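The structure appears below as structure tokens.
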Amino acid sequence: MKKIGVCGCVGVNDELLNGQTIKTKQFIDYVKTRKDITKIVIVDTWGWHERKYALFLDFIHMMYEVDDAYIFPAHNGVKVFIPLAVFLSFFIKVNVYYMVIGGWLVDLLKKNSVITFFVRYLKNIYVETKIMKDELNAIDINNVEVVHNYKNYEQIKYNISCNCLRYCTLSRVIKEKGVEDAIDAVIEINNSNQNQKIYLDIYGQIDENYKDEFKTIISCLPEYIHYCGEVESNNVVKVLSNYRALLFPTHYYTEGQPGTIIDAYFAGIPVIAYEWRSADEFIINNKTGWVIKRDLNQLINKIKYVNDIELIEIKHNCQEEALKYTSENVLSKIL
């Protein structure tokens, strides 16, 4: 029987939809179902600017209370919680596991020898991609395992009969996630074909630094493109199942394993994505989606292609692929 500590962004009183928060919450939800875990101590890093000292003390208290500590830090948190956790583990009998979010860690470590020193003393580093594991091994960090992203969905619900020409994006709404590329592609397709319109719905939290710019963009959108707001995590699959495909024209070459792709698979819809360095690990071309070069014309051509094909087999493939990413299948291997 174990006592588990979890440190990450939870935002109990806020509906946060970023990748870090969702992954942390999904982990906590799964841990609560485990009968072999007798105690869960949670340290919520949300709003840390306003309670730095209290958070520091909460973290130390957690480390004393548990057998295993799983930490989910973002960029700033890595510089604080990794050294602190490793330092405390020298004096306290606790195993520290770092659950990596995204694909940026290698770049950080190459620039920061102090953090590199501390990560080598972690019990394990769980990364989302094989490429990232290889890159960490190449800089002599060997306590690394690949643990894919995961979702707590109990059932795969998808609309096998959906044959509409509606597309969507579902991620943080920011230029770097490719929302403007998706908009431009749909407008170009509809301008060149007046007889058959396709539609685009945009979902997700708008990045604070992008709000003014995006407000200007949506004020000029044609009637077939809409910003539809945020989607609660327990409703994502149902919403996505109403679309022909998910557009993910990310500009982030260092993406890890985006949770929105798993959401799409559970919904039974394929993904059209720009290439990032781990894309081929998670999108199987012509089977669960398509990976294309970062090029607007390629995005336009691929959407046109998907307009004209029968998707039943691809929907089935997506459903099968989703089974790899259930919380039970992923997390039972490490807990």
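Miscellaneous remarks
- In sequence order, calculated HN-Hα J values of the range 111-121 (Karplus, 6.51, -1.76, 1.60; Hz; x Gly/Pro): 9, 9, 5, 5, 5, 4, 4, 6, 5, 5, 9
- Cα gyration tensor shape of the range 220-322, rounded if a/c is under 1.5, else prolate or oblate by comparing a/b with b/c: rounded
- Value of relative contact order over the range 260-306, rounded to a whole percent, pairs C-alpha under 8 Å and six or more apart: 34 percent
- Given in Å, the Rg to one decimal and the Dmax to the nearest whole number for the Cα atoms of the chain are 20.8, 71.
- The GluC sites (Glu not before Pro) of the range 170-244 that DSSP puts in a loop, and whose beta carbon has at most 16 other beta carbons within 10 Å, are E223, E230, E232.
- About its Cα centre, the range 1-137 has a charge dipole of approximately 360 debye under the convention of +1 per Lys or Arg Cβ and -1 per Asp or Glu Cβ, with nothing else charged.
- Cα-centre dipole for the range 178-303 with unit charges at Cβ (Lys and Arg positive, Asp and Glu negative), debye to 20: 480 debye
- Across the chain, Cα pairs under 8 Å and at least six residues apart give a relative contact order of 16 percent.
- Given in Å, the Rg to one decimal and the Dmax to the nearest whole number for the Cα atoms of the range 92-195 are 20.8, 69.
- Nearest-10 value in Å² for the accessible area of K39, using the 1.4 Å probe: 70 Å²
- Tensor-based shape of the range 1-137 (alpha-carbon gyration tensor, a/c under 1.5 rounded, otherwise prolate or oblate): rounded
- Distances between placed amide hydrogens fall under 5 Å for W290 paired with V271, I272, A273, all partners being 5 or more residues away or on another chain.
- With Cα atoms, 0 to 90° folded angle of helix 312-322 axis to the chain main axis: 10 degrees
- Estimated 222 nm signal from helices in the chain, with DSSP H stretches of n ≥ 4 weighted -39500 (n - 2.57), rounded to 500: -11500 deg cm²/dmol
- Using C-alpha pairs below 8 Å separated by at least 6 residues, the relative contact order for the range 223-335 is 24 percent.
- Degrees separating the helix 296-307 axis from the principal Cα axis of the chain, which is the longest one: 70 degrees
- Residues whose amide H comes within less than 5 Å of that of V41, counting only those at least five positions distant or on another chain, are I4, G5, V6 (H built at 1.01 Å from N in the peptide plane).
- Residue-by-residue Karplus 3J(HN,Hα) for the range 255-265, coefficients 6.51, -1.76, 1.60, Hz, glycine and proline x: 3, x, 10, x, x, 5, 6, 5, 4, 4, 5
- Listed by chain and number, the aspartates and glutamates whose C-alpha is less than 16 Å from the C-alpha of K110, apart from same-chain residues fewer than 8 away, are D134, E135, D140.
- Angle between the chain longest axis and helix 179-192 axis [Cα atoms, degrees, rounded to 10]: 10 degrees
- Computed from phi, the 3J(HN,Hα) profile of the range 18-25 under the Karplus parametrisation 6.51, -1.76, 1.60 (θ = phi - 60°) reads 7, x, 4, 5, 4, 5, 5, 5 Hz, with x in place of Gly and Pro.
- Relative to the Cα centre, the charge distribution of the chain, modelled as +1 at Lys and Arg Cβ and -1 at Asp and Glu Cβ, gives a dipole magnitude of about 760 debye.
- Sorted largest first, the spans of the alpha carbon positions of the range 132-291 along the three principal axes are 56, 37, 30 Å.
- Remark: for residue pairs K3/K177; K39/K93; K23/K133; K151/K293, the C-alpha separation exceeds 26 Å in K3/K177; K151/K293.
The values are calculated or read from the model by the stated rules, or taken from the named source; none is laboratory data. In this text, all values refer to a predicted model and were calculated from it rather than measured experimentally. Every residue, glycine among them, receives a Cβ derived from its backbone with ideal geometry; neighbour counts consider all protein chains shown. Accessible surface is based on the protein model in full, side chains and every heavy atom, while ligands, DNA and RNA are left aside. Shrake-Rupley method; radii C 1.70, N 1.55, O 1.52, S 1.80 Å.
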